[in-house]
Amino acid sequence: MTTTEDFHHVYVPAEKPGRPTLLLLHGTGADEHDLLALGRALAPEAALLSPRGKVSERGANRWFRRLREGVFDVDDVVARSGELAGFIAAAVDEYGIDPRSLIAVGFSNGANIGAATLLLHPGTLAGAALFAVAAPLQDREPEKVDLSGKPVFLGTGRTDPITTADDARLLSRQLRERGAEVTLHEHSGGHELPPAVLAAAHGWLVGSGLAASPAQRGQDASSARAEGGSV
Ligand code: MLT
């Protein structure tokens, strides 16, 4: 059975009750600290759960093996997303996370394992924001799982040579066919997360009701002041 000890990770509790938890999934060569600032920018006051991928590619941390750039070991994708789903379940228990507000946020290789986890373990995540993402199961057709109503934001660059816009469009189709509410945000850049895409993802998160709007955060602060509490 997977425990939280099985993955190096950082957990930062929410600053306010009722805020979502972001599961941060870093890209190739990064670690559990890499996306903490991104998580803060995306959903201030959210809890942050940030594990480190367990696969090493010549010393670079990853979430699953690949045969070469753009060609994945799909059996490993399946096995590793199972391990990640086990970690998520263990963290939900240990940290008292509400799975109904657990959103995966991933970049590149992290976005790909997030997408695989949604498709293969649909009960583990309430939604996802995935940047520079591809279709992690490649030409394997995912099972007909039910992702009804799950909000998913996909960011893709039309000139991305690594995780191409065509792959992101394929993933978008796979998710929509299974009932997810997909926002596919295409930009003119490459393998990156431009500030405008981050802003769009923040708007999507607030609009989907999963994160508090700035006005909501202000309101919470003034009611806490009125009640003599700290903010
Ligand atoms: C992957 O291997 O998941 C993608 O090609 C992105 C990358 O990590 O380079």
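The values are calculated or read from the model by the stated rules, or taken from the named source; none is laboratory data. Predicted, not measured: the structure shown is a model, and the values here were computed from it. Quick reminder, even Gly has a Cβ in these numbers, built from the backbone with ideal geometry, and neighbours come from all protein chains shown.
Data for the structure
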quantity: Filter result for L147 (among the hydrophobic types (A, V, I, L, M, F, W, C), farther than 20 Å from L38 by Cα and away from the ligand (no atom under 16 Å from the Cβ)); calculated: yes
quantity: Pairs, first under 21 Å from E69 (Cα atoms) and of a type in the set (D, E) in region 23-41, second more than 15 Å from the ligand (Cβ to nearest atom) and modelled with pLDDT under 95, C-beta under 8 Å, six or more apart; calculated: none
quantity: Which numbered condition A128 misses (of (1) free of Cβ contacts under 8 Å to residues at least 40 places away in the same chain; (2) under 21 Å from T3 (Cβ atoms); (3) buried (at least 16 other Cβ atoms within 10 Å of the Cβ)); calculated: (2)
quantity: Lone unmet requirement of (1) of a type in the set (A, V, I, L, M, F, W, C); (2) in a helix (DSSP H, G or I); (3) away from the ligand (no atom under 16 Å from the Cβ) for I113; calculated: (3)
quantity: Identity of the residue in region 7-40, of a type outside the set (A, V, I, L, M, F, W, C), surrounded by 19 or more Cβ atoms within 10 Å (Cβ to Cβ) and closer than 15 Å to S101 by Cα, that ends up farthest from the chain's Cα centre (by Cα); calculated: R19
quantity: Members of region 66-82 that are buried (at least 16 other Cβ atoms within 10 Å of the Cβ), in contact with an Asp or Glu (Cβ under 9 Å, 6 or more places away or on another chain) and in contact (Cβ under 8 Å) with a residue 12 or more places away in the chain; calculated: V74
quantity: All positions within region 44-65 that are touching a helix residue (DSSP H, G or I) at 6+ places or on another chain (Cβ under 8 Å), within 20 Å of S108 (Cβ to Cβ) and buried (at least 18 other Cβ atoms within 10 Å of the Cβ); calculated: L48, L49, S50, P51, G53, R62, W63, F64
quantity: Index of the failed condition, P195 passing every other in (1) more than 15 Å from the ligand (Cβ to nearest atom); (2) in contact with a Leu (Cβ under 9 Å, 6 or more places away or on another chain); (3) without any contact (Cβ under 8 Å) to a residue 40 or more places away in the chain; (4) under 23 Å from A37 (Cα atoms); calculated: (2)
quantity: Condition broken by E5, with the remaining ones in (1) outside any loop (DSSP other than H, G, I, E, B); (2) more than 16 Å from the ligand (Cβ to nearest atom); (3) under 30 Å from S213 (Cβ atoms) satisfied; calculated: (3)
quantity: Filter pass, S108 being on the phi > 0 side of the Ramachandran plot and small (G, A, S); calculated: yes
quantity: Strands (runs of 3 or more DSSP E) wholly inside region 18-95 that include at least 3 residues being within 11 Å of the ligand (Cβ to nearest atom); calculated: 60-62, 66-68
